[in-house]
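Data block below; observations after.
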Amino acid sequence: MFTHTVPAIDGAALAELPLQELVAGNAPVVLKGFARDWPLVKAGLESPQAAMAYLQQFYNGSPLIAYMGAPEIDGQFGYNETLTGLNFSTERVLLNDFFQHVENYLQDPNAPSLYIGSTTIDACLPGFREHNDLLPRCEALSQFAPLASIWLGNRTVARAHFDKSLNIACSLVGKRRFILFPPEQIANLYPGPLEPTPGGQVVSMVDFRNPDFDRYPNFREAISTAQVADLEPGDLLFYPALWWHQVEAQAPFNAMVNYWWNPSPAFMDTPMNTLLHGMLSLRDRPDSEKQAWRALFDFYLFGDPELPRAHLPEQARGALAELDTLSARRLRAQLMQRLNR
C-alpha cells in the first residue's frame, strides 16, 4: 500500500551527525547503522533477555507508567469505540516487573500489548547515556539540550500523530517501521478528538492495516504522499516537527531512544495554545470575518516579520519588535489579563 521510502544515507560511515544539513532539508532521512556500536544494540542482537538485563543494570527503582492493552486491540493504542475514552489502561510499574511481564509473552503471538513510552532516560536510567548517546557525535545538538527519552515494549502501534519538536529516533532493539506524512495531509488522516488522547497528541482514526475507505475516502490521497522507514537495530531516523508518523514496533521486545528539541527560544509559547485560543476566538465567526482575520494573521504572523514594523520607529514597535525574554514576559502578562477578564 505504501510504496515510497524515506531516503537513507550510510550513517555508519559518519563520524559526526550532520544535524544542520538534516534540519535544512526539512524532510525525513534515515541514517543506517549510525548507532550500531551502542552497547544496547549489541545486547539486543544477542537476545531480548540480554537487552533487558543490560537496561536493568542502570535502573534506579523509580516507578514508570506502563500502557497495557488486551490482545484484541492488536497492539494499536487508541480510542475506544465511542471515542469517549481509550482502549487501554495505565499502571505504575517497576521496570523489572514490566520486563518479566514482557518476557512471559515473548513466544506468544496473542500477547497483550505492553508499552512504556516517552520516559526521560536520565530520570530512570542514570548512567545509560554514558555509552548510548548521540550527543558525543553531535555537538550541534548538544547546544539545544534535547529531551532524551526511551520507549520499551512488545509489538505495539502508535497511531499516526505529530510532534511539536524536531525528532531523531534511534531504533536500538527490534525492528520499527515509521510511516510518515507531510503536515499538509492532516485532513486526509482524519484526526480523532483532541481529548482524550492516547499519549497527549491527537491521533489518526484510520487503521492503516485495514483502512475503511468508505468512511475515510481521502486517506487514499494521504497514501500517495506517505514515506516508509524500516529501521533495523542501530538505525536512526530524523524527521521535522509536525510531520505525521505512525510507529510500529515489530519484535517481541523493542527499545527505542529519541531526542526532541526545538531551536526556538525557550520564552516562546507553544503554538498549540494559539490553536486552542483560535477555536475560542475565531473558528465560529462568519466566514467573511474569518477571511478578514486571515489577512491580518498573514500580515502579522505568517509573512515577513519585518514588514509590519519597517515603517515604525524602534521606540514605537512594542510587540511588533523582535521578542526577547523580557518582552515575551510582558506579552504573556497582557494575554493573561485579557483572558481572565
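The values are calculated or read from the model by the stated rules, or taken from the named source; none is laboratory data. No experiment lies behind these values; they were computed from the predicted model shown. Note that each Cβ is placed from the backbone with ideal geometry, even for glycine, and that neighbours are counted across all protein chains shown.
For the structure I just gave you, tell me whether ALA249 is of a type outside the set (Ser, Thr, Tyr) and exposed (fewer than 11 other Cβ atoms within 10 Å of the Cβ). No: the conditions fail for ALA249. Only one of ALA222, ALA187, ALA145, ALA140 is among the hydrophobic types (A, V, I, L, M, F, W, C) and surrounded by 20 or more Cβ atoms within 10 Å (Cβ to Cβ). Can you tell me which? On inspection, the qualifying residue turns out to be ALA222. Being in contact with an Asp or Glu (Cβ under 7 Å, 6 or more places away or on another chain), of a type in the set (A, V, I, L, M, F, W, C) and buried (at least 18 other Cβ atoms within 10 Å of the Cβ) holds for only one residue in VAL206, VAL173, VAL157, VAL202, and it is VAL157.
If I ask for residues that are closer than 22 Å to ARG332 by Cβ and surrounded by fewer than 11 Cβ atoms within 10 Å (Cβ to Cβ), which ones from segment 282-300 would you list? The one that is closer than 22 Å to ARG332 by Cβ and surrounded by fewer than 11 Cβ atoms within 10 Å (Cβ to Cβ): LEU296. Of the strands (runs of 3 or more DSSP E) lying entirely inside segment 139-228, those containing at least 1 residues that are farther than 24 Å from PRO39 by Cβ and of a type outside the set (Gly, Ala, Ser) are 156-161, 166-173, 176-181.
Checking the structure you have, find out if any residue of segment 99-107 is in the same structural domain as GLY192 (by TED's automatic domain parsing), touching a helix residue (DSSP H, G or I) at 6+ places or on another chain (Cβ under 6 Å) and within 17 Å of TRP151 (Cα to Cα). Among the residues of segment 99-107, at least one is in the same structural domain as GLY192 (by TED's automatic domain parsing), touching a helix residue (DSSP H, G or I) at 6+ places or on another chain (Cβ under 6 Å) and within 17 Å of TRP151 (Cα to Cα), which makes the answer yes.
Checking segment 126-136 against the condition returns a match, with at least one residue being crowded, with 23+ Cβ neighbours inside 10 Å, in contact with a strand residue (DSSP E or B) (Cβ under 8 Å, 6 or more places away or on another chain) and in a loop (DSSP other than H, G, I, E, B). The single residue among PRO265, PRO305, PRO240 that is in contact with a helix residue (DSSP H, G or I) (Cβ under 9 Å, 6 or more places away or on another chain) and under 24 Å from SER204 (Cα atoms) turns out to be PRO240.
Could we say that ASN167 is under 19 Å from the mean Cα position of the chain (by Cα) and under 26 Å from MET268 (Cα atoms) here? In short, yes.
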